[in-house]
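The values are calculated or read from the model by the stated rules, or taken from the named source; none is laboratory data. All values reported here derive from a predicted model rather than from experimental measurement. As a convention, Cβ positions derive from the backbone with ideal geometry for all residues, glycine included, and neighbour counts pool all protein chains shown.
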Amino acid sequence: MPALISILTGVFASNFVFSRGFGVGMSIIAASSRQKLFRICAVVTYFCCMSSLCIWAVQKFFGLGVETEVLPLLYVTVIGAIYSLTLFLCVLFIRKRFVMIRKYIHISAFNSLVMGTAYLVSSGQETAAEFIAFGLSAGLGFSLASVMLSAVYPVLSSEKVPKAFRGYPAVMITIGIISMAMVGILGSTPSYR
């Protein structure tokens with residue numbers, strides 16, 4: 001039970017959609033179609049976990065600290081390598097489904113959530129398990145935010161909402177309100193630095 005509570009706390013605390021605005025565009029895309037929701041959430045979670053693990057390996061191998069100026073370049077390189085390797089493995093092993101999942105890989109790989117997770121994971125974590133847990137909680141937080149948005153998206157796009165606010169603006173206002181509630185519940189957003 002304590003493990004479940006710590007995972008749920010991590011998911012809420014690492015919900016970068018609501019606490020920092022990371023992945024907002026992706027969350028809206030995911031919320032607009034329930035068919036896309038599971039696939040996008042799964043691929044974003046995969047990229048967050050893999051990039052976190054690879055960044056841990058790179059930092060340990062090269063002995064880099066958080067203060068190193070080259071880390072942003074390493075983040076982009078690591079995510080690009082994971083992206084290329086994922087595309088290659090998909091073509092190699094699941095060629096028939098590749099056309100269907102290719103767009104989710106493209107959209108998810110360079111999402112601001114993945115880049116934000118890559119940046120934030122290096123501050124405060126030390127072991128490989130902590131890096132993976134951070135990436136997993138970021139992906140699950142994104143999934144939670146997307147599920148919440150998918151529940152309200154039809155209402156926010158309906159005729160009941162004034163035309164000027166319908167769709168994207170209403171979703172952004174909703175994310176802002178939920179973000180304020182998250183800050184109120186958590187006390188403040190983690191600084192990570």
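What the table below lists for this structure:
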| item | result |
| --- | --- |
| Answer residue from the range 49-94, given it is over 24 Å from residue 137 (Cβ atoms) and small (Gly, Ala, Ser) and is modelled with the lowest pLDDT among those | 63 |
| Candidate set from the range 87-108 (those that are touching a residue at least 60 places away in the same chain (Cβ under 8 Å) and not polar (S, T, N, Q)); member that is farthest from residue 45 (Cα to Cα) | 101 |
| Residue 76 vs. criteria touching a Phe, Trp or Tyr at 6+ places or on another chain (Cβ under 9 Å) and either surrounded by 16 or more Cβ atoms within 10 Å (Cβ to Cβ) or within 11 Å of residue 55 (Cα to Cα) (or both) | yes |
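One line per residue, one yes/no per condition, for (1) touching a strand residue (DSSP E or B) at 6+ places or on another chain (Cβ under 6 Å); (2) crowded, with 17+ Cβ neighbours inside 10 Å; (3) within 12 Å of residue 143 (Cα to Cα); (4) modelled with pLDDT under 70:
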{"residue": "7", "(1), (2), (3), (4)": "no, no, no, yes"}
{"residue": "11", "(1), (2), (3), (4)": "no, yes, yes, yes"}
{"residue": "15", "(1), (2), (3), (4)": "no, yes, yes, yes"}
{"residue": "19", "(1), (2), (3), (4)": "no, yes, no, yes"}
{"residue": "24", "(1), (2), (3), (4)": "no, yes, yes, no"}
{"residue": "28", "(1), (2), (3), (4)": "no, yes, yes, no"}
{"residue": "33", "(1), (2), (3), (4)": "no, no, no, no"}
{"residue": "38", "(1), (2), (3), (4)": "no, no, yes, no"}
{"residue": "44", "(1), (2), (3), (4)": "no, yes, yes, no"}
